[in-house]
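Okay, structure first, notes after.
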Amino acid sequence: MFIGIDASRAFLRRRTGIEEYAYQTIKHLRAVIPETDTVVLYVRKKLALEKGRLRMQFPEIDFELPSNWRVRGIWAPRFWTQIALSLEMVRKPPDILFVPAHTVPLIHPKKTIVTIHGLEYEFCPGAYSFWARLYMRASIRFSCRVAETVISVSQNTKRDVMRLYGVPEERIRVIYEGYEQGRGNRAEGLEKGNANENPVPSALSPQPYLLFIGRLEERKNIVRIIESFEILKEKYQIPHQLVLVGKPGYGYGKIRCKMQDARCRNEIRELGYVTAEEKWELLRNADVFLFPTLYEGFGIPVLEAQSAGVPVVTSDNSSLPEVAGEGVAYVDPLSVESIAQGIWRVLSDATLRGAMVEKGKVNVSRFSWEQSAKETADVFLNK
């Protein structure tokens, strides 16, 4: 079999959710696709200036590819998927095309498999620009209509795709995402109630902190997180900092203004994008991980926090209860008071923290990139 995979978003240096899914899925498919099949990764070639000369540059792939795998670089100044990848489908069509990032090219083989990560823009329209909503609605609706199989990353997203886009249930396969494992945790200290005994990252002052990791955008509910932090500072005099990690996204200007105007602005730290090592150091040393977002298709950061032994406060909507399980504190993301109270319950109750950590460790055992890749390969083989 000739399997083509759209890898255009898999090898970015600074990956976020969908890019991380594409990267990890491709990485782990190496172990489950038979050597008798040919796999071609379609990647974006870019023009780069080297020593005064323009050259085509391939993205860096930081793992070894099996002998039956190939890389096909495709260049286009714009519309890479709909024009360049479509032409490649005409030039040498694969038996199967797998699109891990929800946008199927106009020209595609009959057996096309696409992953839909969520329809957040349908539920939080104010958190996206008009053009972003228009593009995502058109491209994802088209992808759902033409793909032979739609992979949904949660049961909640499956229901959304069926209800809003009319995709028959028999064409949808739910395959959970995974999370990066083996980074260690601080669960033992938390179980004993010693939440502040671990050393904090060098980037921060030696005081405890609450942590958010994700794109700093309106859908992630950053303004209400800051407002709940103000309540905690004033009502309970918590000694914590609020640490925000991630790249700016849509609505960042409003978030920035809120940070500057906050009464506790000196206790809010914005670190921007951090490396994987820095992210795990921050997670391991946080007192609470905050993820009370407005809507999520899955929620990998919750699993990462649970695997690091950190109590999680998250939203009671969308896919989050399905993914996070019982070992978290659920809050109403539209209520600043609810968020603040959820955080305070965790901070003030050492027994609750310990129980959350234990339940979180059990919960994350349900998820892995190895299992996700195996189930994806089964879809290729119609299992």
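The values are calculated or read from the model by the stated rules, or taken from the named source; none is laboratory data. Nothing here was measured: the structure is a model prediction, and the numbers come from that model. We place every Cβ from the backbone using ideal geometry, glycine too, and count neighbours over all the protein chains shown.
Side notes on the structure shown:
- Which numbered condition THR36 fails, given (1) over 27 Å from ILE116 (Cβ atoms); (2) at pLDDT below 90; (3) of a type in the set (S, T, N, Q): (2)
- If the condition is being closer than 23 Å to TYR128 by Cβ and under 19 Å from the mean Cα position of the chain (by Cα), then the stretch 226-260 contributes LEU244, VAL245, GLY246, LYS247, PRO248, GLY249, TYR250, GLY251, TYR252.
- Only listed residue being modelled with pLDDT of 95 or more, in contact with a Lys or Arg (Cβ under 6 Å, 6 or more places away or on another chain) and hydrophobic (A, V, I, L, M, F, W, C), chosen from VAL174, VAL161: VAL174
- Total residues in the stretch 8-45, condition in contact (Cβ under 8 Å) with a residue 60 or more places away in the chain, assigned to a loop (DSSP other than H, G, I, E, B) and touching a Phe, Trp or Tyr at 6+ places or on another chain (Cβ under 7 Å): 3
- Set side by side, the residues ALA324, ALA286, ALA262, ALA308 differ, and just one is in the same structural domain as LEU216 (by TED's automatic domain parsing), out of contact with any Ser or Thr (no Cβ under 9 Å at 6 or more places or on another chain) and within 29 Å of ILE151 (Cα to Cα), which is ALA308.
- Flag if THR314 is part of a loop (DSSP other than H, G, I, E, B) and either under 23 Å from ALA101 (Cα atoms) or without any contact (Cβ under 8 Å) to a residue 40 or more places away in the chain (or both): no
Conditions (1) surrounded by fewer than 22 Cβ atoms within 10 Å (Cβ to Cβ); (2) under 28 Å from ASP316 (Cα atoms); (3) at pLDDT below 95, marked per residue:
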position: ALA101; (1), (2), (3): yes, yes, yes
position: PRO109; (1), (2), (3): yes, no, no
position: PRO125; (1), (2), (3): yes, yes, yes
position: TRP131; (1), (2), (3): yes, no, yes
position: PHE142; (1), (2), (3): yes, no, no
position: VAL146; (1), (2), (3): yes, no, no
position: GLN155; (1), (2), (3): yes, yes, no
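- Within the set TYR128, TYR121, the sole residue that is farther than 21 Å from VAL167 by Cβ and in contact with a helix residue (DSSP H, G or I) (Cβ under 9 Å, 6 or more places away or on another chain) turns out to be TYR128.
- Some residue of the stretch 280-295 being closer than 21 Å to ARG15 by Cα, crowded, with 24+ Cβ neighbours inside 10 Å, among the β-branched types (Val, Ile, Thr) and in contact with a helix residue (DSSP H, G or I) (Cβ under 8 Å, 6 or more places away or on another chain): yes
- Picking from residues in the stretch 212-225 that are among the hydrophobic types (A, V, I, L, M, F, W, C) and buried (at least 20 other Cβ atoms within 10 Å of the Cβ), the one that is nearest to the chain's Cα centre (by Cα) is ILE213.
- Given (1) within 24 Å of LEU320 (Cα to Cα); (2) β-branched (Val, Ile, Thr); (3) in contact (Cβ under 8 Å) with a residue 40 or more places away in the chain; (4) not in a helix (DSSP H, G or I), index of the condition VAL150 fails: (3)
- When each of PRO321, PRO333 is tested for being in a helix (DSSP H, G or I) and not aromatic (Phe, Trp, Tyr), the lone residue that passes is PRO321.
For (1) over 25 Å from SER368 (Cβ atoms); (2) surrounded by 18 or more Cβ atoms within 10 Å (Cβ to Cβ), each residue gets a yes or a no:
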position	(1), (2)
ILE5	no, yes
THR16	no, no
GLU20	no, yes
GLN24	no, yes
ASP62	no, no
GLN82	yes, no
GLU88	yes, yes
PRO105	yes, yes
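- Residue identified as polar (S, T, N, Q), more than 16 Å from VAL310 (Cβ to Cβ) and touching a Gly at 6+ places or on another chain (Cβ under 7 Å) among SER368, SER338: SER368
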